[in-house]
């Protein structure tokens, strides 16, 4: 193990020396795909985590992500046989990177269960943003102008980790789009809301004040559909790529890139968005 400085603020980053294997998704005779093996590029993902959230994440070693309060979150729980549901409900840090986020890629039908960004380790996100169930959020929220040229009013967003500044930059760029784009941006579907994800026991990113939903009138959500005869959900979308590109430029992932699509939804996840252009 080696230790090096993490830049001018002298934060410590502990370098991972453990060899990693490729992300594996094995199929049985019944085509049951399982997950849980750490991706080959886990080190790069961990470096981006540290860079994105330096006030909370100190670094990592061979086995854990290390928070500034001394909490250690396992990189792997040793399981490589997780179902897609278990990947969502029982993730370790490595599982959050099971699917590479395809920033800048053309939008289209994702492969089955391809959900980059839906996998979240809740103890990490509570450390990053606070616990709304303990009423920790309101003092960390800020109201910003939302696309004033389109009559958007104001929205509330967390000030933690620069999310408010990122959304402010998004708003300023969206405001430069032609008037025809305004119908997707106003009225909004919502921002901060202390709630679970529908149909689950997992906290929504809205509960951390780090997500925004666009106009539901022009949105598609997998739970609003029935699967086809093949058991699959058919992706559909009306959100223009110009809007998606602006959000991704500033560190937001888009729910329209998920197999379990939620095209109105954007959440601040700078550790995942690596532009390819």
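Just so you know, all these numbers are worked out from the coordinates, no wet-lab data involved. In this text, all values refer to a predicted model and were calculated from it rather than measured experimentally. In this analysis, Cβ positions are derived from the backbone assuming ideal geometry, glycine residues included, and neighbour counts consider all displayed protein chains.
Set the Förster radius R0 to 25 Å, insert the Cβ-Cβ distance between residue 180 and residue 245 as r into 1/(1 + (r/R0)^6), and round the FRET efficiency to 0.05. My answer for the efficiency is 0.95. Once you put a point 7 Å from the Cα of residue 79 and another 7 Å from the Cα of residue 44, both along the Cβ direction, what distance in nm separates them? With each label placed 7 Å out from Cα toward Cβ, I get 2.8 nm. Placing R0 at 25 angstrom, the Cβ-Cβ distance between residue 169 and residue 105 gives a FRET efficiency of 0.70 after rounding to 0.05. For the pair residue 223 and residue 194, the difference between a 0.36 nm per residue extended length and the Cα-Cα distance amounts to 8.4 nm. Classify the chain as rounded, prolate or oblate, taking a ≥ b ≥ c as the square roots of the eigenvalues of its Cα gyration tensor: rounded when a/c is under 1.5, otherwise prolate if a/b is larger than b/c and oblate if not. Since a/c reaches 1.5 but b/c is at least a/b, the shape of the chain is classed as oblate. Summary value for the chain: 16 percent relative contact order, contacts being C-alpha pairs under 8 angstrom separated by 6+ residues.
When the label point is put 7 Å from the Cα of residue 236 along its Cα-to-beta-carbon vector, which residues of the range 175-202 have a backbone N closer than 19 Å? Under cut-off, by backbone N: 184.
Among 237, 161, 68, the largest mean-square fluctuation in a Gaussian network model of the chain (Cα springs under 10 Å) belongs to 68. Across the range 188-270, the mean sequence separation of Cα contacts (distance under 8 Å, 6 or more residues apart), normalised by length, yields a relative contact order of 29 percent. With a/c under 1.5 counting as rounded, go ahead and sort the range 96-224 into rounded, prolate or oblate using the C-alpha gyration tensor (a ≥ b ≥ c being the square roots of the eigenvalues; past the cut-off, prolate if a/b is larger than b/c, else oblate). Cα axes put the range 96-224 in the oblate bin. Estimated at 0.36 nm per residue, the fully extended path between residue 55 and residue 139 surpasses their Cα-Cα distance by 28.5 nm.
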